[in-house]
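A.B. asks: Sharing a structure here in structure tokens format.
The values are calculated or read from the model by the stated rules, or taken from the named source; none is laboratory data. What you see is a predicted model; the values in this text were computed from it and never measured. For neighbour counting, all protein chains shown are included, and Cβ atoms are generated from backbone atoms with ideal geometry for every residue, glycine included. All accessible areas refer to the heavy atoms of the entire protein, side chains included, with ligands and DNA or RNA removed. Shrake-Rupley method; radii C 1.70, N 1.55, O 1.52, S 1.80 Å.
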Amino acid sequence: MSFPVIDIYINKIEENAVQMQKMLKEKNIDLTAVVKGFAGDLKVFKAFQNAAVNSIADSRLQNIKKYREAGYQGEIMMLRIPMPSELEEAVKYIDTTLLSEIKTARAAAEAAVKANKEIKVIIMVDLGDRREGVLAENLQKLAAEIIKLDGLKLDGIGTNLGCFAGVLPDENNTKKLIELKHDLEEEFSLKLNRISAGNTATTILLNNHDLSSKINNLRIGEGILLGTDIINERLFKDLNHYNFRLRAEIIELQAKPSNPEGEMAFDGKGRNQILKDKGLRKRAIAAVGKQDIDYHGLYPLDKGIEVLGASSDHLILDLTDLKKELAVGDIITFKMNYSAMLRAMTSAYVEKNYLYK
Ligand SMILES: *Cc1c(COP(=O)(O)O)cnc(C)c1O
């Protein structure tokens, strides 16, 4: 085995997918499993196929193609609002897309007609997080245009919260989404199939019957892959946690002063690391870096290890408070958050180790 390596608990992911579907089904909500977190790895994707997930979403066309080629026949949703330039190719593989731009809608319509297909559209509404989506006041105008386009079917509206500004899904913004759907249906005398909310953080609203009875589609990634809901700082009680773990090898272990020495760059601020003077510390370097992981999202399995920072290829650790003695060549294991997992799965330098128990 070569290091760094990421251990992936395939069965636990499958169990989570089954359990998440069940939890949502009890509230009459369809799951769209968001699979963008593992770089299109078909061995991980198999967990979703085995769990009989029948709607998935990914942001990257390269991944989407692979899933189709692996025989997946359920719904594929284009999760990132598409680039106009990728639509001609994308419509061959997808059933549904999120959208917020009229120019993109026209490109999607044209591509769909050419491919002899109808693509379902979910218009994204920005309810405050300030990532993708039209503002509520511009929704009707975009909807009116989309309804007119051949090749597209307006399937519903959706929103995404928590991802950019970190605005939490709550009763207010979710009620607003429900109202907007109602208004659209009145205005255009039509019935929309879906209110699509995302993401993992939105599951916190499921116990509110008023909301959960109206939302009928949830796009969920993190909850299934990691069993966590980082925005609401909780673990799902019935799910398996941290199903991706990193192991990295120690390449240096020496006592060093925690304080740097010498003139600091950038107006004396250095690289803005938090550098408390703690005297002489037991410092380790593990052979993994920013191109493999997001060090903020590494949680050492053993108590007493602190992650201090990273450069491209080095992870800097403080082992002073660790009970056991480690040496150069020993391995340290970390649980990972979404961001660390995403980067590790994307890095060609991290070996993938698939575990089935
Ligand atoms: C990533 C993403 C999701 C899923 O988010 P999780 O926090 O992983 O559940 C849902 N919707 C959109 C639009 C996304 O980009």
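A.B. asks: log₁₀ I(q)/I(0) of segment 106-260 at q = 0.17, 0.21 Å⁻¹, via Debye over equal Cα point scatterers, no solvent, to two decimals?
C.D. replies: -1.01, -1.28
A.B. asks: Please report, in debye to the nearest 20, how large the charge dipole of segment 12-87 is about its Cα centre when each Lys and Arg carries +1 at its beta carbon and each Asp and Glu carries -1 there.
C.D. replies: Working: 12 positive and 9 negative charges, 25 e Å.
So the magnitude is around 120 debye.
A.B. asks: Once R0 is set to 45 Å, what does the formula 1/(1 + (r/R0)^6) return for the Cβ-Cβ distance between Lys278 and Lys117, expressed as a FRET efficiency to the nearest 0.05? Show your work: numbers first, answer last.
C.D. replies: Working: r = 62 Å, r/R0 = 1.38.
The computed FRET efficiency comes out at 0.15.
A.B. asks: Quick one: which residues, 5 or more positions from Val125 or on another chain, have an amide H under 5 Å from its amide H? H modelled 1.01 Å from N in the peptide plane, none for Pro or chain starts.
C.D. replies: Long-range HN contacts for Val125: Val134, Gly158, Thr159, Asn160.
A.B. asks: How about segment 176-235: which trypsin sites (Lys or Arg not before Pro) there are in a DSSP loop, with at most 15 other Cβ atoms within 10 Å of their Cβ?
C.D. replies: Passing sites in segment 176-235 are Lys191.
A.B. asks: Which cross-chain or sequence-distant (5 or more) residues have an amide H under 5 Å from the amide H of Gly221, H modelled 1.01 Å from N in plane?
C.D. replies: It is Val34, Thr200, by chain and number.
A.B. asks: Given the C-alpha centroids of segment 163-231 and segment 32-62, what is the distance between them in whole angstrom?
C.D. replies: Value for the Cα centre distance between the two parts: 21 Å.
A.B. asks: Give, in nm to one decimal, the length gained when the segment between Leu308 and Gln291 is fully stretched (0.36 nm per residue of separation minus the Cα-Cα distance).
C.D. replies: Answer, rounded to one decimal: 4.5 nm.
A.B. asks: Pull up the cross-link candidates among the lysines for Lys256, meaning alpha carbon to alpha carbon under 19 Å and not fewer than 8 places away within one chain.
C.D. replies: Candidates past the 8-residue exclusion: Lys276, Lys278, Lys282, Lys323, Lys324.
A.B. asks: Are there chymotrypsin sites (Phe, Trp or Tyr not before Pro) in segment 257-339 that DSSP puts in a loop and that have at most 13 other Cβ atoms within 10 Å, and which ones?
C.D. replies: On the way: sites: Phe266, Tyr295, Phe334, Tyr338; in loops: Phe266.
Passing sites in segment 257-339 are Phe266.
A.B. asks: Rank these by accessible area, largest first, 1.4 Å probe: Arg281, Arg80.
C.D. replies: Descending order: Arg80, Arg281.
A.B. asks: Also, quick follow-up: Along the Cα→Cβ direction, 7 angstrom out, place labels at Lys27 and Glu325. What is the inter-label distance in nm?
C.D. replies: A separation of 5.3 nm, rounded to one decimal place.
A.B. asks: PRE reach from Tyr299 (point 7 Å along Cα→Cβ): which of segment 198-228 fall under 15 Å by backbone N?
C.D. replies: What the label zone holds, given the 15 Å backbone N cut-off, is 222-228.
A.B. asks: How high is the relative contact order of the chain? Use alpha-carbon pairs under 8 Å, at least six apart in sequence, and give a whole percent.
C.D. replies: Relative CO of the chain lands at 19 percent.
A.B. asks: Nearest 5 is fine: what % of DSSP beta bridges in the chain come out antiparallel, could you say?
C.D. replies: Bridges in the chain that DSSP calls antiparallel: roughly 45 percent.
A.B. asks: Same structure, new question: Please give the FRET efficiency for Asp267 paired with His182, using the beta carbon to beta carbon distance and R0 = 45 Å, rounded to the nearest 0.05.
C.D. replies: In this case the efficiency is close to 0.25.
A.B. asks: What's the center-to-center distance, using Cα atoms, between segment 68-86 and segment 235-274 in Å?
C.D. replies: Computed from Cα coordinates, the inter-centre distance equals 37 Å.
A.B. asks: Hey, any idea what % of segment 244-355's accessible area is carbon plus sulfur with a 1.4 Å probe?
C.D. replies: The C+S portion of the solvent-accessible surface of segment 244-355 is 49 percent.
A.B. asks: With no solvent and one point on each alpha carbon, what is the Debye value of log10 I(q)/I(0) for segment 55-179 at q = 0.11 Å⁻¹?
C.D. replies: -0.37
A.B. asks: Further, regarding this structure: Given a Förster radius of 25 Å and the C-beta distance between Ala348 and Glu69 as r, what FRET efficiency does 1/(1 + (r/R0)^6) yield to the nearest 0.05?
C.D. replies: Values: r = 21 Å, r/R0 = 0.83.
So the FRET efficiency works out to roughly 0.75.
A.B. asks: Beyond 19 Å, what percent of the Cα pairs of segment 3-103 remain?
C.D. replies: For segment 3-103, the share of Cα pairs beyond 19 Å comes to 45 percent.
A.B. asks: Which of rounded, prolate, oblate describes segment 25-77, given a ≥ b ≥ c as roots of the alpha-carbon gyration tensor eigenvalues and a/c under 1.5 marking rounded, otherwise prolate only if a/b is larger than b/c?
C.D. replies: prolate
A.B. asks: Picking from Asn54, Leu206, Ala265, whose Cα lies most toward the positive end of the charge dipole for the chain (charges on Cβ: Lys, Arg +1; Asp, Glu -1)?
C.D. replies: Asn54
A.B. asks: State which entries of Lys25/Lys175; Lys25/Lys214; Lys43/Lys290; Lys36/Lys66; Lys66/Lys335; Lys65/Lys92 exceed 19 angstrom in Cα-Cα distance in the structure shown.
C.D. replies: Numbers: Lys25/Lys175 21 Å; Lys25/Lys214 13 Å; Lys43/Lys290 25 Å; Lys36/Lys66 12 Å; Lys66/Lys335 28 Å; Lys65/Lys92 9 Å.
From the list (Lys25/Lys175; Lys25/Lys214; Lys43/Lys290; Lys36/Lys66; Lys66/Lys335; Lys65/Lys92), the Cα-Cα distance tops 19 Å for Lys25/Lys175; Lys43/Lys290; Lys66/Lys335.
A.B. asks: If you take the square roots of the eigenvalues of the alpha-carbon gyration tensor of segment 10-233 and sort them as a ≥ b ≥ c, do you get rounded (a/c under 1.5), prolate (a/b over b/c) or oblate? Intermediate results must be reported in sequence, preceding the final value.
C.D. replies: Details: a/c = 1.73, a/b = 1.09, b/c = 1.58.
Taking the square roots of the gyration eigenvalues as a ≥ b ≥ c, segment 10-233 is oblate.
A.B. asks: Net charge around Ile94, counting only other residues with Cβ within less than 11 Å of its Cβ (Lys, Arg = +1; Asp, Glu = -1)?
C.D. replies: Details: positive: Lys65, Arg68, Lys92, Lys117, Lys120; negative: Asp58, Glu75, Glu86, Glu89, Asp95.
In short, 0.
A.B. asks: Quick one: grab Rg to one decimal and Dmax as a whole number for segment 244-355, Cα atoms only, in Å.
C.D. replies: According to the Cα coordinates of segment 244-355, Rg and Dmax are 14.5, 48 Å.
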